[in-house]
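One structure is given here, and the rest of the page talks about it.
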Amino acid sequence: MKFGIAITTSVNPATTADGQARYVTAMTDEIERLGFDSLWVSDRTVYPNDLVSRYPEQFGPGLADPDAQNVLEAVTTLSYAAGRTENAALGISVLVLPFRNAVLNTKMLNTLDVLSGGRLIMGVGTGWMPEEFASMGASFDDRGRVTDEHLALFRASEASADPAMSGDHVKIGGMRLFPQAAQRPRVPVWIGGNSRRALRRAAGYGDNWHCIRLTPDEIAAQKPLLEQACTAAGREPAEVGISIRTSVTMAGTDTGHDHSEQRGLMTGEPAQIIEDIESYRAAGVDYMVLSVVGDSTEETVQNLNRFNTDVRPFFG
């Protein structure tokens, strides 16, 4: 089992908006010092001021904190982290492709891979918030098709310095696109999402299916569908790994929730968290991207060290 750690506060806001830079710096340095496999950022451009009233089933008391949407820009933040590290892989969980310019975004990501010495993991998704698409001047209805064409261009840029695309949304030909990514044969592409369409996209373009906050049982139920999608795409199922993005709450962390509630997955004492990770591994997960819960930058760093000492050694 490999472990990546989030350096932006998209799942658990551990600091104020003004403290994000210090949080990113502290987490980046500690992840590199402890030798974790990777560090990860999240993506959000803008969101409605009345987010809670628009999406009451997702945000509000006892649910996701709306302040969790206050994240620094993903590619810029990952570039900053790249300059502070030498070994950790650099991932995005996940970059929303369909409201970005495919040519410019491909150039930016290829540049990041070159400057980091080939450490990029390109996690991508289609997005879910119509208001964000409207603010970006992008089509929410076309987001799946745009994502596929965007991915096709990215893959074409790895094979050729003058990639040709003639899709409905991405068109380029007779143009030199520099640089090409440093990694060979290609940059790992992780496809985010829990839908069947995400499984098919992972089989067609990805190296990994990156699910979000599913239980081990839910992943085990989806795994045969992923294998079927790989077979339909002419690929061996073993070519596509399974990862999950979730949070981890070490015992003693003040989450603000009623502690009489039933224990959730990836919360509690080290032995309980180890048991949960074993369940994920049995379901087919081989990589976990974790947001470490803490009510401050200092506590989050402390909890990262507790996970590193008390949990991580059990997984080699």
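The values are calculated or read from the model by the stated rules, or taken from the named source; none is laboratory data. Treat the numbers as computed from the prediction; the structure is a model and nothing was measured. Methodologically, a virtual Cβ is constructed for each residue, glycine included, from the backbone with ideal geometry; neighbour enumeration extends over all protein chains shown.
Residues of segment 199-208 include none that is over 27 Å from residue 113 (Cβ atoms) and either under 18 Å from the mean Cα position of the chain (by Cα) or buried (at least 16 other Cβ atoms within 10 Å of the Cβ) (or both). Residues of segment 24-52 that are out of contact with any helix residue (DSSP H, G or I) (no Cβ under 8 Å at 6 or more places or on another chain) and hydrophobic (A, V, I, L, M, F, W, C): 40 alone. Of the residues making up segment 169-178, not a single one is of a type outside the set (Gly, Ala, Ser), farther than 30 Å from residue 112 by Cβ and in contact (Cβ under 8 Å) with a residue 24 or more places away in the chain. Quick one: in segment 28-39, of everything that is touching a strand residue (DSSP E or B) at 6+ places or on another chain (Cβ under 7 Å) and within 11 Å of residue 84 (Cα to Cα), which residue is surrounded by the most Cβ atoms within 10 Å (Cβ to Cβ)? The selected residue is 31. Does segment 287-302 contain at least one residue that is under 29 Å from residue 196 (Cα atoms), surrounded by fewer than 19 Cβ atoms within 10 Å (Cβ to Cβ) and without any contact (Cβ under 8 Å) to a residue 24 or more places away in the chain? Looking for residues that are under 29 Å from residue 196 (Cα atoms), surrounded by fewer than 19 Cβ atoms within 10 Å (Cβ to Cβ) and without any contact (Cβ under 8 Å) to a residue 24 or more places away in the chain, one finds none in segment 287-302, hence no. Within segment 92-148, the set of residues being farther than 22 Å from residue 47 by Cβ and part of a strand (DSSP E or B) comprises 120, 121, 122. Residue-level check: of (1) out of contact with any strand residue (DSSP E or B) (no Cβ under 8 Å at 6 or more places or on another chain); (2) surrounded by 14 or more Cβ atoms within 10 Å (Cβ to Cβ), residue 313 misses just (2). When segment 169-198 is limited to residues that are part of a loop (DSSP other than H, G, I, E, B) and charged (D, E, K, R), the one that is nearest to the chain's Cα centre (by Cα) turns out to be 186. When only residues in segment 78-97 that are of a type outside the set (A, V, I, L, M) and surrounded by fewer than 23 Cβ atoms within 10 Å (Cβ to Cβ) count, which is nearest to residue 136 (Cα to Cα)? Filtering segment 78-97 for residues that are of a type outside the set (A, V, I, L, M) and surrounded by fewer than 23 Cβ atoms within 10 Å (Cβ to Cβ), the one nearest to residue 136 (Cα to Cα) comes out as 79.
The set of residues from segment 52-78 being touching a Ser or Thr at 6+ places or on another chain (Cβ under 8 Å) and polar (S, T, N, Q) comprises 69, 70, 77. Per the listing 213, 281, 263, 235, the residue uniquely modelled with pLDDT under 95, among the basic types (Lys, Arg) and within 26 Å of residue 95 (Cα to Cα) is 213.
Within the bounds of segment 51-58, is there any residue that is at pLDDT 95 or above and under 20 Å from the mean Cα position of the chain (by Cα)? Within segment 51-58, not a single residue is at pLDDT 95 or above and under 20 Å from the mean Cα position of the chain (by Cα).
Could you go through segment 101-119 and let me know if any residue there is modelled with pLDDT of 95 or more, small (Gly, Ala, Ser), farther than 14 Å from residue 75 by Cβ and within 18 Å of the chain's Cα centre (by Cα). The answer is yes; a qualifying residue exists.
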